[in-house]
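The values are calculated or read from the model by the stated rules, or taken from the named source; none is laboratory data. In this text the structure is predicted, and so the values were computed from the model without any measurement. With ideal geometry, Cβ positions are generated from the backbone for all residues, glycine too; neighbour counts draw on all protein chains shown.
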């Protein structure tokens, strides 16, 4: 059974370029997409779809750069999103090596849903631990999670295609 | 561990502020692009002319409401003021008028952006008010913009005073759009629904005294103190015009 994504070596500059593009797009456009005052989580989405294609080390690298980009826009201390996205990139990349190619679409959807939820659960917990920032009220928190997942599912095809195109590089011989 | 992380990350805050400043033109472009869209993409979309008109009307209404709130508070304060020559209120405090131009960028960020910044004298920690009362505090400053954390933000805590009894407490934010929790009010203090809450301005406070914060909406007895809910006087979804008080805690 072939794997979903094999380990790939991608120049850091290309990852940075992709993240800067998403940063600008988020400021320009995505942050204005608002359903019930919930916006997409493009950096989480980029980490997930990129890590599926890059494998664990590339996924972790992409996650760290994407997370740092998210940190630049957030109000919480720098490094929280970096940590969350870095770990998710590593996890999704590792998982991708075990996934069957025939179920690519299902794996992609499951990864986006699961890891977006995971990221949105872990990030406020970290923020609470570091800054004692309080959680949003339960209903608001649930709304954020549900609609952020929906936004990310909606944007998933575009992000997957773009990251596939920009991150395509020679596979590392295994 | 938390303090170590905070110290390490805060050293990079200038980088973050710089990046945000560099992205300001992109945000402006995004706002212009989406302002003409027929369907609202949030509170900052929609018809510009209509929003302007609504904003002006709301400002007038807010000013009228604030006058009412201040009047109630003034009744109780009058006797005190007769003996306190050193009373300081908003008169005499320099202010910079501006507008709220944008909302939060991310889901867990509840700050709003205003069109005044360091070049106009705005500094981190300056209080921000609207015609209706206290909006929040400046938490980030760029050359021509600043980010304001609203009173209702979960990280916000402001020294507060009940207008009738004069009891002091702490008004803590819960979440944007939610009532504030007013703590530290003794069980034997009589608190009525609708009572006005203003900033206490006690020593070391980040806010001048007497700025209306909201009205009491619910009072419950706790074990040590009363549990009081205060509805903020400023409706963040509708606020447009603001004033930054160039005031620093003494």
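Restricting the search to segment B:117-172, which residues are outside any loop (DSSP other than H, G, I, E, B), touching a helix residue (DSSP H, G or I) at 6+ places or on another chain (Cβ under 9 Å) and under 23 Å from residue B:105 (Cβ atoms)?
Correct list: B:130, B:140, B:141, B:146, B:147.
More than 9 Å from every other protein chain (Cβ to nearest Cβ) and surrounded by 22 or more Cβ atoms within 10 Å (Cβ to Cβ) - does that describe any residue in segment A:130-141?
No; the residues of segment A:130-141 include none that is more than 9 Å from every other protein chain (Cβ to nearest Cβ) and surrounded by 22 or more Cβ atoms within 10 Å (Cβ to Cβ).
So which residues in segment A:142-155 are within 18 Å of the chain's Cα centre (by Cα) and facing another protein chain (nearest Cβ under 10 Å)?
Scanning segment A:142-155 gives A:144, A:145, A:147, A:148, A:151.
Identify, by number, the condition in (1) under 13 Å from the mean Cα position of the chain (by Cα); (2) in a loop (DSSP other than H, G, I, E, B); (3) over 13 Å from residue B:128 (Cα atoms) that residue B:239 doesn't meet.
Of the numbered conditions (1) under 13 Å from the mean Cα position of the chain (by Cα); (2) in a loop (DSSP other than H, G, I, E, B); (3) over 13 Å from residue B:128 (Cα atoms), the odd one out for residue B:239 is (3).
Go through segment B:174-200 residue by residue and tally those that are under 17 Å from residue B:222 (Cα atoms) and part of a strand (DSSP E or B).
Of the residues in that region, 5 qualify.
Can you report the number of residues in segment B:121-144 which are touching a residue at least 60 places away in the same chain (Cβ under 8 Å) and surrounded by fewer than 17 Cβ atoms within 10 Å (Cβ to Cβ)?
5
Scan (1) on the phi > 0 side of the Ramachandran plot; (2) within 14 Å of another protein chain (Cβ to nearest Cβ) for the single condition residue B:184 breaks and write down its number.
(2)
Okay, residues lined up against (1) away from chain A (no Cβ under 14 Å); (2) crowded, with 23+ Cβ neighbours inside 10 Å:
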position	(1), (2)
B:166	yes, no
B:177	no, no
B:189	yes, no
B:196	yes, yes
B:203	yes, no
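Looking only at segment A:27-42, how many residues end up being buried (at least 18 other Cβ atoms within 10 Å of the Cβ), farther than 14 Å from residue B:109 by Cα and more than 7 Å from chain B (Cβ to nearest Cβ)?
2
From the list B:62, B:73, pick out the single residue that is at pLDDT below 75, crowded, with 17+ Cβ neighbours inside 10 Å, in a helix (DSSP H, G or I) and more than 8 Å from every other protein chain (Cβ to nearest Cβ).
So the residue among B:62, B:73 that is at pLDDT below 75, crowded, with 17+ Cβ neighbours inside 10 Å, in a helix (DSSP H, G or I) and more than 8 Å from every other protein chain (Cβ to nearest Cβ) is B:73.
With respect to residue B:216, determine if the residue is part of a loop (DSSP other than H, G, I, E, B) and over 12 Å from the mean Cα position of the chain (by Cα).
No; evaluated as a whole, the condition is false for this residue.
Scan segment A:76-96 and give yes if some residue there is within 12 Å of another protein chain (Cβ to nearest Cβ), free of Cβ contacts under 8 Å to residues at least 24 places away in the same chain and on the phi > 0 side of the Ramachandran plot, otherwise no.
Yes, there is a match, as at least one residue in segment A:76-96 is within 12 Å of another protein chain (Cβ to nearest Cβ), free of Cβ contacts under 8 Å to residues at least 24 places away in the same chain and on the phi > 0 side of the Ramachandran plot.
Does segment B:29-36 include one or more residues that are at pLDDT below 75, loosely packed, with under 13 Cβ neighbours inside 10 Å and either within 14 Å of chain A (Cβ to nearest Cβ) or assigned to a helix (DSSP H, G or I) (or both)?
Yes: one or more hits.
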